[in-house]
1. Pick out the one residue from Gln51, Gln17 that is surrounded by fewer than 10 Cβ atoms within 10 Å (Cβ to Cβ), at pLDDT 80 or above and not hydrophobic (A, V, I, L, M, F, W, C).
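The values are calculated or read from the model by the stated rules, or taken from the named source; none is laboratory data. As the structure is a prediction and not an experimental result, all values here were calculated from the model. In this analysis, Cβ positions are derived from the backbone assuming ideal geometry, glycine residues included, and neighbour counts consider all displayed protein chains.
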Amino acid sequence: MKLSQARCLALRLSVAQSNAPVNRPAGKLVPKSAILLAGLGIGVSSFSLKQMFQSKRPKISYPYF
């Protein structure tokens, strides 16, 4: 029985993962860059919401509603 290339790769990956030592702490670690990017995203979105609510635009009336 000949294995296809994809099955051979899957077999190698599963064997490599099962033999890998597990030295991870119990909790998940979040890189500092992820926290920084999340904070930046929240800051930008809150700034744009503030700008949107402070702008004085004329209200658009829709005749069909």
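1. Values: Gln17 fails: at pLDDT 80 or above.
Selected residue: Gln51, the only one of Gln51, Gln17 that is surrounded by fewer than 10 Cβ atoms within 10 Å (Cβ to Cβ), at pLDDT 80 or above and not hydrophobic (A, V, I, L, M, F, W, C).
The rows are residues; the columns are (1) at pLDDT 80 or above; (2) assigned to a helix (DSSP H, G or I); (3) surrounded by 10 or more Cβ atoms within 10 Å (Cβ to Cβ); (4) under 29 Å from the mean Cα position of the chain (by Cα).
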residue	(1), (2), (3), (4)
Leu29	no, no, no, yes
Ala34	yes, yes, yes, yes
Ala38	yes, yes, yes, yes
Ser46	yes, yes, yes, yes
Pro58	no, no, no, no
